[in-house]
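Peer 1: Right, I'll just put the structure down here and ask away after.
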């Protein structure tokens, strides 16, 4: 009993001054870590929140991770109803189902930052932070062209059929147009190692000569590499993945000839969004608008800057 | 109906249906791409069928006995994650060699045994519905592997993976190990289903568990054994799976449960139980794998439609064998 009272005393002591300072709460709603990229995003969100809570004692954060769109809607409704948030940073699971609930939050006068996936109605968010999907494809395509000046035959693995994937592929195709690079085939590897392994095995059975592979994602690149290795084929000169998984960045750093480069699509963009939103809440700094994070080509020369050994991705 | 009158009474559409579907697929594949029948492609297709195939043989018994297991895909992912963690942890102590691989295999088998037993106990001892129990354990194992991997991917130590790799890629007499293990599991399963009391008891329970009980079949025990056997087979499938890419994540084994169930039903086992056919399950698995393979080898349809083609062929294969009632 004594311990309970003292615990209560401690918690009151902790809570009271915080209220006295007029704490502002920032809600962060993101999808749960169901695949590698999302795992990295969760890690960077937590890291940004830890850093900001230390820097700005007047800020309080609510982080909610949702396993599906409807749970994310619940999270956001709860944040608005019970936590009295002044700002919301949201990475929508899917655009359509989240548009209405986020609009309600914005109508309640709360600052809204949308990350990565845009909402289906324009003009709801105050700040939009996103990666550059067409740019991701373009940078990948330009790298392919630079590595194969005389052209060559490549195969392409695509992600899950989505707008993100379509924009990337369109950017890629525009970049390689007229370069003499011939796309032998495109199949969906669904950003999944096992599926990509099987798709690549079939590409190898079907085409006797493949010069290079655009795996378009690091998880898919791992499956592709295993399939090439198992088939014992040496016609494939290199595999270009993407997104900046640490194991792959490591191989770029080590000068692996099969993995000469990578193109970033950083999960840490969630940290950018949280940091900029916090800046807007605590200061007079204007932060509304769009913040597009470019996709950067990573080669052996600059790989060290993109290597985050502590991140799960 | 001419078939029924022309052929001997032993050959029924329900028996030859899946075989016809498989033969048609093989002919289609061979016409569309000359590499389809190459040794390399056949070996690829059979090896990748092995995971689902080994699991589907176990699933055949569970379904025949009137049960269902939705947790096998998640279970495989969890066992793969656990196996990788244990092997990585033991590496500094044991070093690279046969013992550490055997340790990993033992972990997989025991984890599978335990997971199957857990499902079995909840279903048979507590009398809960198999669908609900395994739906629950499906969520549990999927979350556990995400948690073990901290949202990312668990990777087997690189040198260890290189040592363990031959279990998937290697083989003997030109046949790779997954195919050999798959074949052994199928032969064992077929014998168990056809020639032992256990197989007959499964069919009896699936047909009518009350009558089976009055016929002094130990219903709970037989049902329990089907889940335990399936768990062990998931362990065996995982042993073959881990050396392939040396990693496990929350995306591992996604939808394997549905593929295994589809293979069992396409192969002619009754979803309501009471009748099971292990060799049919093998045909079912091959049909499902071949569809994906053929679609990858050709440009006939938009890749967006792959799922539709698969769905249509599953339905077609079952239509070909309609007319038999469960328990017949």
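Peer 1: How do B:319, B:234 line up, fewest other C-beta atoms within 10 Å first?
Peer 2: On the way: B:319 11, B:234 36.
Lowest to highest Cβ neighbour count: B:319, B:234.
Peer 1: Ok, one more. Treat each spin label as a single point 7 Å out from the Cα along the C-beta direction, and report the residue A:55 to residue B:94 distance in nm.
Peer 2: In this crude spin-label approximation the distance works out to 4.6 nm.
Peer 1: Is it possible to state the helix-based mean residue ellipticity at 222 nm for chain B, with each DSSP H run of 4+ residues giving -39500 (n - 2.57), the sum divided by total residues, to the nearest 500 deg cm²/dmol? What is it? Please list the in-between numbers first.
Peer 2: Details: 15 runs with 235 residues, N = 328.
Per the formula, -23500 deg cm²/dmol.
Peer 1: Taking each pair of different alpha-carbon atoms in region B:60-189 once, compute 1/r for the pair, average those values, and report the inverse of that mean as the Kirkwood hydrodynamic radius in Å to one decimal. List each step's numbers first, then the result.
Peer 2: Numbers: mean 1/r = 0.0606 Å⁻¹.
Its Kirkwood hydrodynamic radius stands at 16.5 Å.
Peer 1: Normalise the Debye intensity by I(0) for region A:206-313, one equal point scatterer per Cα, no solvent, then take log10 at q = 0.11, 0.17, 0.24 Å⁻¹ and round to two decimals.
Peer 2: -0.45, -0.82, -1.25
Peer 1: How far is helix A:2-20 tilted, in degrees, relative to the longest principal axis of the Cα atoms in chain A, given as a value from 0 to 90 rounded to the nearest 10?
Peer 2: 80 degrees
Peer 1: If you restrict to DSSP beta bridges whose two residues both lie in the protein assembly as shown, what percentage is antiparallel, to the nearest 5? Working shown, then result.
Peer 2: On the way: 7 of 45 bridges.
If we restrict to bridges inside the protein assembly as shown, about 15 percent are antiparallel.
Peer 1: Computed from the mean reciprocal separation of all distinct C-alpha pairs, what Kirkwood hydrodynamic radius does chain A have, in Å?
Peer 2: Working: mean 1/r = 0.0472 Å⁻¹.
By the Kirkwood definition, the hydrodynamic radius is 21.2 Å.
Peer 1: Still on this model: Who wins for biggest fluctuation among B:271, B:156, B:305 in a Gaussian network model of chain B, springs between alpha carbons below 10 Å?
Peer 2: Per the Cα network of chain B with a 10 Å cutoff, B:305 tops the list.
Peer 1: Now, a different point. Residue separation times 0.36 nm, minus the C-alpha to C-alpha distance between residue B:30 and residue B:121: what's the value?
Peer 2: Working: separation 91, 0.36 × 91 = 32.76 nm, distance 4.72 nm.
Here the answer is 28.0 nm.
Peer 1: Which residue, B:289, B:60, B:281, tops the fluctuation ranking in a GNM of chain B built on C-alpha contacts under 10 Å?
Peer 2: Per the Cα network of chain B with a 10 Å cutoff, B:289 tops the list.
Peer 1: Using alpha carbon centroids, what distance separates region B:133-175 and region B:193-238, in Å?
Peer 2: 28 Å
Peer 1: Can you sort A:218, A:150, A:132 from fewest to most other Cβ atoms within 10 Å of each residue's own Cβ? Please report the intermediate quantities before stating the final value.
Peer 2: Values: A:218 28, A:150 8, A:132 19.
With the sparsest Cβ surroundings first, the list reads A:150, A:132, A:218.
Peer 1: Extension gain residue B:218-residue B:258, at 0.36 nm per residue separation less the Cα-Cα distance, in nm? Mind showing how you got there, number by number?
Peer 2: Values: separation 40, 0.36 × 40 = 14.40 nm, distance 2.88 nm.
Fully extending the segment from residue B:218 to residue B:258 adds 11.5 nm.
Peer 1: Relative to the compact-globule scaling 2.2 N^0.38 Å, provide the ratio for the alpha-carbon radius of gyration of region A:133-263.
Peer 2: Numbers: Rg = 13.1 Å, N = 131, 2.2 N^0.38 = 14.0 Å.
Dividing the Cα Rg of region A:133-263 by 2.2 N^0.38 Å gives 0.93.
Peer 1: Fewest to most neighbouring Cβ within 10 Å: what's the order for A:188, A:207, B:201?
Peer 2: A:207, A:188, B:201
Peer 1: Between region A:225-250 and region A:200-222, how far is it from one alpha carbon centroid to the other, in angstrom?
Peer 2: If you average the Cα positions of each part, the centres end up 9 Å apart.
Peer 1: Quick one: the Cα spread of region B:12-319 along its three principal axes, in angstroms, biggest first?
Peer 2: Per principal axis, max minus min of the Cα coordinates gives 56, 52, 37 Å.
Peer 1: If R₀ is 41 angstrom, what is the calculated FRET efficiency for the pair residue A:254 and residue A:67, using the beta carbon separation as r and rounding to 0.05?
Peer 2: Numbers: r = 36 Å, r/R0 = 0.88.
The calculated FRET efficiency here is 0.70.
Peer 1: Could you work out how far apart the two model spin labels at residue A:209 and residue A:77 are, taking each label as a point 7 Å from the Cα in the direction of the beta carbon, and quote it in nm?
Peer 2: 6.1 nm
Peer 1: Could you tell me what percent of the DSSP beta bridges with both partners in chain A are antiparallel, to the nearest 5? Before the final figure, lay out the partial values.
Peer 2: On the way: 2 of 40 bridges.
Of those bridges, close to 5 percent are antiparallel.
Peer 1: Under a 10 Å cutoff between Cα atoms, tell me which one of B:135, B:300, B:82 has the largest fluctuation in the Gaussian network model of chain B.
Peer 2: Maximum fluctuation in the GNM of chain B, among the listed residues, is at B:300.
Peer 1: How high is the FRET efficiency from residue B:183 to residue A:291, r the C-beta distance, R0 56 Å, rounded to 0.05? Intermediate results must be reported in sequence, preceding the final value.
Peer 2: Numbers: r = 57 Å, r/R0 = 1.02.
That gives a FRET efficiency of 0.45.
Peer 1: Quick check: the angle from helix A:163-176's long axis to the longest principal axis of chain A, C-alpha only, nearest 10 degrees?
Peer 2: 40 degrees
Peer 1: Then there is this: Using a Förster distance of 35 Å, how high is the FRET efficiency between residue A:24 and residue A:170, based on the Cβ-Cβ distance and rounded to 0.05?
Peer 2: On the way: r = 41 Å, r/R0 = 1.17.
Computed FRET efficiency for residue A:24 and residue A:170 comes out at 0.30.
Peer 1: Further, regarding this structure: Can I get the semi-axes of the protein assembly as shown's equivalent ellipsoid? Compute them from the C-alpha gyration tensor as square roots of 5 times the eigenvalues, in angstrom, largest first.
Peer 2: Details: eigenvalues 409, 218, 113 Å².
For the protein assembly as shown, the ellipsoid semi-axes come out as 45, 33, 24 Å.
Peer 1: Still on this structure: Given Cα pairs under 8 Å that are at least 6 residues apart, what percent is the relative contact order of region A:186-256?
Peer 2: It rounds to 33 percent for region A:186-256.
Peer 1: Let me ask something additional. How tilted is helix A:218-231 with respect to the longest principal axis of chain A? Cα atoms for both, answer in degrees (0 to 90, nearest 10).
Peer 2: On a 0 to 90 degree scale, this one is about 30.
Peer 1: Let me ask something else. At 7 Å along the Cα-to-beta-carbon direction for both residue B:110 and residue B:23, put a label point, then send me their distance in nm to one decimal.
Peer 2: Roughly 4.9 nm, to one decimal.
Each reported figure results from applying straightforward, stated rules to the coordinates on display, with no laboratory input. Fair warning: this is a prediction, and the values are worked out from it, not measured in the lab. Ideal geometry is used to build each Cβ from the backbone, glycine not excepted, and the neighbour counts take in all protein chains shown.
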